[in-house]
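Asks: Below you will find the structure I want to go over with you.
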There are 2 protein chains.
Amino acid sequence: MDEQRPVGRWGSDELGLDPRTRAFALAHLGPASPAPAPRPRTPRPTRVGADRWQALFPGIDIRLDDETRLRHSRGMSYLDLLFWRTAAGNGGVPAVDAVAFPADHEQALTLVQTCSREGIACVPVGGGTSVTGGITLAGEESTDAHQTPVLAISLTRMDALVAFDAESAIATVQAGMTGPALEAALDGYTLGHFPQSWERASIGGFIAARSSGQSSGGYGRIEDMLIGAELATPVGSWRVGGYPAASRGPDLRQLVLGSEGTLGIITSAEVRVRPAPSIREYAAALVPSPAGGFDPGIDIARTLTRSALRPTVLRVCDPSETDALLTMSAPTGLVGRAFDAYVRMRRARPGCLVILGWEGTDPATVAAARAFARGTLGDAGGVWLGGGPGRSWERGRFHGPYLRDQLMDVGYLVETFETVIRWSQLPRLHRELTSVAREAIGPRSYVMAHISHTYDTAASVYFTVLAGGWSDPHDAAGRWQDAKARITESIVAGGGGLSHHHGVGRDHAGFLGDQIGPIGMQAMAAVKASLDPANIMNPGALLGGDRE
Amino acid sequence: MDEQRPVGRWGSDELGLDPRTRAFALAHLGPASPAPAPRPRTPRPTRVGADRWQALFPGIDIRLDDETRLRHSRGMSYLDLLFWRTAAGNGGVPAVDAVAFPADHEQALTLVQTCSREGIACVPVGGGTSVTGGITLAGEESTDAHQTPVLAISLTRMDALVAFDAESAIATVQAGMTGPALEAALDGYTLGHFPQSWERASIGGFIAARSSGQSSGGYGRIEDMLIGAELATPVGSWRVGGYPAASRGPDLRQLVLGSEGTLGIITSAEVRVRPAPSIREYAAALVPSPAGGFDPGIDIARTLTRSALRPTVLRVCDPSETDALLTMSAPTGLVGRAFDAYVRMRRARPGCLVILGWEGTDPATVAAARAFARGTLGDAGGVWLGGGPGRSWERGRFHGPYLRDQLMDVGYLVETFETVIRWSQLPRLHRELTSVAREAIGPRSYVMAHISHTYDTAASVYFTVLAGGWSDPHDAAGRWQDAKARITESIVAGGGGLSHHHGVGRDHAGFLGDQIGPIGMQAMAAVKASLDPANIMNPGALLGGDRE
């Protein structure tokens, strides 16, 4: 976790709210009404004192100061961020009792094994960017209800590239490395994993959450990259994997991927890397949708995906998100006014904005892929917007969380949710969720979506919801929890996956049983009980039944 | 299981042993000395009579005749085939006590749940093609040692295409469909999964064994194709998956893939399909290896793999296999004498034969992939052999098991083994295994290998071993078991995967703990105990501890 960042925000304020974005918000969400700024909070007293930690873990860096404890007690969801803006109640707010900073696998192992013996809950924290309550302790109401002490275990100090096998293109990395640190260390190579949380999230977190990045079309999901991993579990050190594929029973890597800290701490990983691309091209196009719906965009996404020449990056916006992106702009301006006029002239609106990227080292291959995309878009009557808007997208690809801070500052609701659904069911579910989200959020709201990751058989749909009149953080938290519950119910009822790349955490845990059935839950509980017999690893996440 | 085929053989004799193959064998393995032909055997008496089966399972087709029982008691490994050539001992040979043929999921569920209650072991049987003892009961020595009755459950009757979602490219198929039946039913589409066992193996078996086909470069492994599955387990019906990817905890499909019948019966699967390729091109090339080693072939395999334009089929032979394939010939002749002369003239021998295939529906994409391969091979000094040898390979791609029958008829050892290993360790492990196999098999042997499946980070190496003087089936069985143990020890000690696509079965079960460690075994045992509390599902396979 980056302790230089301000509390309660993704980043600093330096990006500022763009005037066009402000105008868009005003037009659709109503006037801004500033929300309380994030503020330092006072944690409840630790239930285990420094002497006791020292006696349990001599030689391990354990901190008990208020700020460190609070920073490691919440993730980065809208609700998490609201927490920092909420007025203090009586007494301190929930917080972990201490934060450990193991220096290596052995220290991590000591921590979890001792905690298992002592009945202390452990919450592994990488970048602390979970947006599904993956590391978030239960609400204030439960402050006095439970006695189990909680130790956050930060992977911050375990941030080294351990080994590099260039011939096999496998890097062995400690789990605490952030996205940028890993890319820098891979000098000449890339992991190719760029979720929007990339700047702060860690490789261990990518694995634990079963994450997927913006370049998944070219590089795949984190599970396509993971060759092997080592975990510190309550029952000992556990190495999984070792090969990209094998036929030796169930693939145990796939129990670790998505384990969300409930089985042990991922301390290192072997990941597939690729030569850093010498060619990086981005472009955008508009596919007209005369009826104003998403179908032409869905069709183009599916066609572009089902080819060996699929783009490295492919994002297809519904008409609402297309309008927003062409009107609002990222800090650097996604599409300028000139383009907008050009496009309207070409009668490509209403339409679906398509963002495309190609990365590689072989010019002929990239050229073939680009030609395939242009031909496919041309067949669909698409209007090519060229490289400018594509590069603008690329420059702003990690700006979403900063923009969220700024919109929250001026009292707007801003949150996202996502799902995965088969192509044949996507148009219906997109319509349903748009409608449910609008109803659940109420007036002065804006609901938009894009296809963010694609497969031969399915795609993920990523929704952004905005609304005005959410300036009171306490009121907003309750309203959003209600709306989120209705939305998640609709996802599950509509055949969508509970999450495509955000994870389960505590926010979705209550729905997991509906998704995977009682025998699936039973199988997962059996593994959990076997590896974490005292149920101390991130209790409450993924499988529910929070102990905190 | 195809009950029209002769017992103890893969197929009928109609292909005959090609004269050039016979000459090659004579030169390298010494003169042939005919082995006893496969013969009908007498099973030991069933331990549960027809009345009892009838009472337990009214309305379910259960057969107790000798041939049906014996056919469902063994797979298709060299040892399995030797069994049918071995002289009868005293009393009957081990056999399952009955064979059930459920008509649907509900009957399969009734079978496993009742067997769980009654303490009857269940062995699911698809095509019966396991080469690792996946369905093979323990040896004759244990005939009287155990009392647990065994019921084989054949999926033969569950062989329908249940649903087809063309827009999502997902087919729902019953698990008993064989490769050819599935491809025929998919009219206009293809699964693209073509292991050498394709003609007889079933979709359920592909999943249970975690199989990979010859076109894996283009279509991926079975786990890349599996969207979801339904199982009949002792604790109830279990549906896993539903999406190509999701972020909702561990991927439970990956517990089913490779489960080898130990958790339940896979009764149906949802699989990704693709449009049947309108373009299918095959070709071959020779990469010179002046020093006679495998390195130039390994290098070309790695380079061809690490591209979006990788071939659909890629097989690269070591110089020994290259010599064999250019001398022996498949029934239709892989490379004729003219080519051989041409190639020697071009000084490409010693060398590594490269088999390439491209499949698709878009001419430009296939052309780009072919151009990429030709350019890469050209850079490596490769000699293009053209489409003829490639098409010959394609015609003979499923002939290996027939050839094995014929070589066994004339008293030769013929068996295969395979592993997966990172690129950087592949050259060393290939040398070690070649040497260990030669030593373990003894004189008059021929050991050859090819890279059969490739990934960015690793590849599988597939060895074929041949030897003369193995005419006595009983003697041969013991000798091969000893040799196989030495080879498997070397694979594990040398960092290779226990199997890349053949599975664990009973033959490799004793080595699994060395590969995945005690915590991996513990996790698997926990899942097994949870879903199969009476340990009746294929006991002895995968996890060891045979009850039979």
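Asks: I'm trying to understand the selection: among the residues of region A:477-491, which are surrounded by 17 or more Cβ atoms within 10 Å (Cβ to Cβ) and under 23 Å from B:Gly241 (Cα atoms)?
Replies: A:Ile487, A:Thr488, A:Ser490, A:Ile491
Asks: Name the one entry in A:Gly411, A:Gly357 that is within 26 Å of A:Val447 (Cα to Cα) and within 14 Å of chain B (Cβ to nearest Cβ). Please lay out each step first, then the result.
Replies: Working: A:Gly411 fails: within 14 Å of chain B (Cβ to nearest Cβ).
The conditions single out A:Gly357.
Asks: Right, something else. If a residue has to be closer than 21 Å to B:Lys528 by Cβ and among the charged types (D, E, K, R) to count, how many in region A:481-535 make the cut?
Replies: Selection size over region A:481-535: 2.
Asks: Could you list, in sequence order, the residues of region B:356-371 that are buried (at least 22 other Cβ atoms within 10 Å of the Cβ) and either more than 24 Å from B:Tyr189 (Cα to Cα) or without any contact (Cβ under 8 Å) to a residue 60 or more places away in the chain (or both)?
Replies: Within region B:356-371, just B:Ala368 meets the criteria.
Asks: Kindly indicate the residue of region A:302-330 that is assigned to a loop (DSSP other than H, G, I, E, B) and not hydrophobic (A, V, I, L, M, F, W, C) and also nearest to A:Ser392 (Cα to Cα) among those meeting that condition.
Replies: Of the residues in region A:302-330, the ones assigned to a loop (DSSP other than H, G, I, E, B) are A:306-312, A:318, A:328-330.
The next check asks that each one be not hydrophobic (A, V, I, L, M, F, W, C); those that pass are A:306-307, A:310-312, A:318, A:329.
Details: A:Arg306: 26, A:Ser307: 26, A:Arg310: 21, A:Pro311: 17, A:Thr312: 16, A:Asp318: 19, A:Ser329: 9 Å.
So, considering only residues that are assigned to a loop (DSSP other than H, G, I, E, B) and not hydrophobic (A, V, I, L, M, F, W, C), the one nearest to A:Ser392 (Cα to Cα) is A:Ser329.
Asks: If you take the residues of region A:34-69 that are of a type in the set (Lys, Arg) and part of a helix (DSSP H, G or I), which of them is surrounded by the most Cβ atoms within 10 Å (Cβ to Cβ)?
Replies: A:Arg69
Asks: May I pose another question? Could you grab the pairs with beta carbons closer than 6 Å, sequence gap of 6+ or different chains, first residue in region B:15-35 and farther than 14 Å from B:Asp405 by Cβ, second one modelled with pLDDT under 90 and assigned to a loop (DSSP other than H, G, I, E, B)?
Replies: B:Arg20/B:Met328; B:Arg20/B:Ser329; B:Phe24/B:Met328
Asks: Which of the residues that make up region A:178-198 are crowded, with 23+ Cβ neighbours inside 10 Å, out of contact with any helix residue (DSSP H, G or I) (no Cβ under 7 Å at 6 or more places or on another chain) and away from chain B (no Cβ under 14 Å)?
Replies: Of everything in region A:178-198, those that are crowded, with 23+ Cβ neighbours inside 10 Å, out of contact with any helix residue (DSSP H, G or I) (no Cβ under 7 Å at 6 or more places or on another chain) and away from chain B (no Cβ under 14 Å) turn out to be A:Thr178, A:Gly179.
Asks: If the requirement is being among the polar types (S, T, N, Q) and surrounded by fewer than 24 Cβ atoms within 10 Å (Cβ to Cβ), which of these qualifies: B:Ser259, B:Ser216, B:Ser237, B:Ser247?
Replies: Result: B:Ser237 is the single residue among B:Ser259, B:Ser216, B:Ser237, B:Ser247 that is among the polar types (S, T, N, Q) and surrounded by fewer than 24 Cβ atoms within 10 Å (Cβ to Cβ).
Asks: Here are A:Asp514, A:Asp482, A:Asp456, A:Asp507: which of them is closer than 27 Å to A:Phe24 by Cβ and outside any strand (DSSP E or B)?
Replies: A:Asp482
Asks: Assess whether B:Ala493 counts as being at pLDDT 95 or above and facing chain A (nearest Cβ under 7 Å).
Replies: For B:Ala493, the condition - at pLDDT 95 or above and facing chain A (nearest Cβ under 7 Å) - is not met.
Asks: May I pose another question? Every residue in region B:210-253 that is touching a residue at least 24 places away in the same chain (Cβ under 8 Å), in a strand (DSSP E or B) and not charged (D, E, K, R), please.
Replies: The answer is B:Leu226, B:Ile227, B:Gly228, B:Ala229, B:Leu231, B:Ala232, B:Thr233, B:Gly236, B:Ser237, B:Trp238, B:Gly241.
Asks: Right, here's the next one. Please work out if B:Ile135 is more than 14 Å from chain A (Cβ to nearest Cβ) and either more than 23 Å from the chain's Cα centre (by Cα) or of a type in the set (A, V, I, L, M, F, W, C) (or both).
Replies: Taking the combined requirement at face value, the residue satisfies it.
Asks: Also, I was wondering about something else. I want to confirm something. Restricting to region B:225-240 and keeping residues that are touching a strand residue (DSSP E or B) at 6+ places or on another chain (Cβ under 8 Å) and facing another protein chain (nearest Cβ under 9 Å), which single residue is nearest to B:Ser202 (Cα to Cα)? Before the answer, list the steps.
Replies: First, pick out the residues of region B:225-240 that are touching a strand residue (DSSP E or B) at 6+ places or on another chain (Cβ under 8 Å): B:225-234, B:237-240.
From what's left, facing another protein chain (nearest Cβ under 9 Å): B:227, B:231, B:233, B:237-240.
Values: B:Ile227: 17, B:Leu231: 15, B:Thr233: 19, B:Ser237: 20, B:Trp238: 20, B:Arg239: 19, B:Val240: 19 Å.
Here the residue is B:Leu231.
Asks: Just for strands (runs of 3 or more DSSP E) wholly inside region B:70-177: which have at least 2 residues that are buried (at least 23 other Cβ atoms within 10 Å of the Cβ) and in contact (Cβ under 8 Å) with a residue 12 or more places away in the chain?
Replies: Fully inside region B:70-177 and qualifying: B:98-101, B:121-125, B:150-154, B:170-174.
Asks: Give region A:254-274 a look and list any residue that's outside any loop (DSSP other than H, G, I, E, B) and more than 8 Å from chain B (Cβ to nearest Cβ), or say none. It would help to see each step written out before you state the result.
Replies: So in region A:254-274, the residues outside any loop (DSSP other than H, G, I, E, B) come out as A:254-256, A:265-272, A:274.
Correct list: A:Ile265, A:Ile266, A:Thr267, A:Ser268, A:Ala269, A:Glu270, A:Val271.
Asks: Moving to a separate point now. Scan B:Arg422, B:Arg506, B:Arg444 and give me the residue that is of a type in the set (D, E, K, R), more than 12 Å from every other protein chain (Cβ to nearest Cβ) and out of contact with any Leu (no Cβ under 6 Å at 6 or more places or on another chain).
Replies: On inspection, the qualifying residue turns out to be B:Arg506.
Asks: Also, I was wondering about something else. Suppose the filter is in a loop (DSSP other than H, G, I, E, B), touching a residue at least 60 places away in the same chain (Cβ under 8 Å) and either more than 7 Å from chain B (Cβ to nearest Cβ) or crowded, with 24+ Cβ neighbours inside 10 Å (or both); does A:Pro277 pass it?
Replies: Criteria met by A:Pro277.
Asks: Go through (1) of a type in the set (Ser, Thr, Tyr); (2) surrounded by 13 or more Cβ atoms within 10 Å (Cβ to Cβ); (3) closer than 30 Å to B:Ala467 by Cβ; (4) in contact with a Phe, Trp or Tyr (Cβ under 9 Å, 6 or more places away or on another chain) one by one and return the number of the condition B:Thr21 breaks.
Replies: Single failed check for B:Thr21: (4).
Asks: Run B:Gln481 past the list (1) within 20 Å of the chain's Cα centre (by Cα); (2) within 14 Å of chain A (Cβ to nearest Cβ) and report the number of the one that doesn't hold.
Replies: All conditions are met except number (2).
Asks: Give the residue, chosen from B:His501, B:His474, B:His508, that is surrounded by fewer than 19 Cβ atoms within 10 Å (Cβ to Cβ) and either within 30 Å of B:Ser320 (Cα to Cα) or free of Cβ contacts under 8 Å to residues at least 12 places away in the same chain (or both).
Replies: None of the other options fit; the residue is B:His474.
Asks: Something else about it: Of all residues in region B:377-421, count the ones that are of a type in the set (A, V, I, L, M, F, W, C) and either surrounded by fewer than 19 Cβ atoms within 10 Å (Cβ to Cβ) or part of a loop (DSSP other than H, G, I, E, B) (or both).
Replies: Initial filter on region B:377-421 (of a type in the set (A, V, I, L, M, F, W, C)): B:377, B:380, B:383-385, B:393, B:398, B:403, B:407-408, B:410, B:413-414, B:417, B:420-421.
Cutting the leftovers down to either surrounded by fewer than 19 Cβ atoms within 10 Å (Cβ to Cβ) or part of a loop (DSSP other than H, G, I, E, B) (or both) gives us B:380, B:384, B:398, B:410.
The qualifying residues number 4.
Asks: Let me ask another. Residue check, A:Ala526 against (1) touching a residue at least 24 places away in the same chain (Cβ under 8 Å); (2) at the interface with chain B (Cβ under 7 Å from one of its Cβ atoms), all met but one. Which one?
Replies: The single condition A:Ala526 does not satisfy is (1).
Asks: Same structure again: So which residues in region B:79-99 are more than 17 Å from B:Pro6 (Cβ to Cβ), of a type outside the set (Val, Ile, Thr) and touching a Lys or Arg at 6+ places or on another chain (Cβ under 8 Å)?
Replies: Within region B:79-99, B:Ala88, B:Gly91, B:Gly92, B:Pro94, B:Ala95, B:Asp97, B:Ala98 meet the criteria.
Asks: Within region B:331-365, can you find the residues that are over 30 Å from A:Ala369 (Cα atoms), at pLDDT 65 or above and out of contact with any strand residue (DSSP E or B) (no Cβ under 9 Å at 6 or more places or on another chain)?
Replies: Once the filter is applied, which keeps residues that are over 30 Å from A:Ala369 (Cα atoms), at pLDDT 65 or above and out of contact with any strand residue (DSSP E or B) (no Cβ under 9 Å at 6 or more places or on another chain), region B:331-365 yields nothing.
Asks: Does A:Pro539 meet the test of being out of contact with any strand residue (DSSP E or B) (no Cβ under 6 Å at 6 or more places or on another chain) and more than 9 Å from chain B (Cβ to nearest Cβ)?
Replies: no
Asks: Then there is this: Just to be sure, is A:Ala534 more than 7 Å from every other protein chain (Cβ to nearest Cβ), surrounded by fewer than 22 Cβ atoms within 10 Å (Cβ to Cβ) and hydrophobic (A, V, I, L, M, F, W, C)?
Replies: Answer is yes for this residue.
The values are calculated or read from the model by the stated rules, or taken from the named source; none is laboratory data. What you see is a predicted model; the values in this text were computed from it and never measured. FYI the Cβ positions are ideal-geometry reconstructions off the backbone, even for glycines, and counts take in every protein chain you see.
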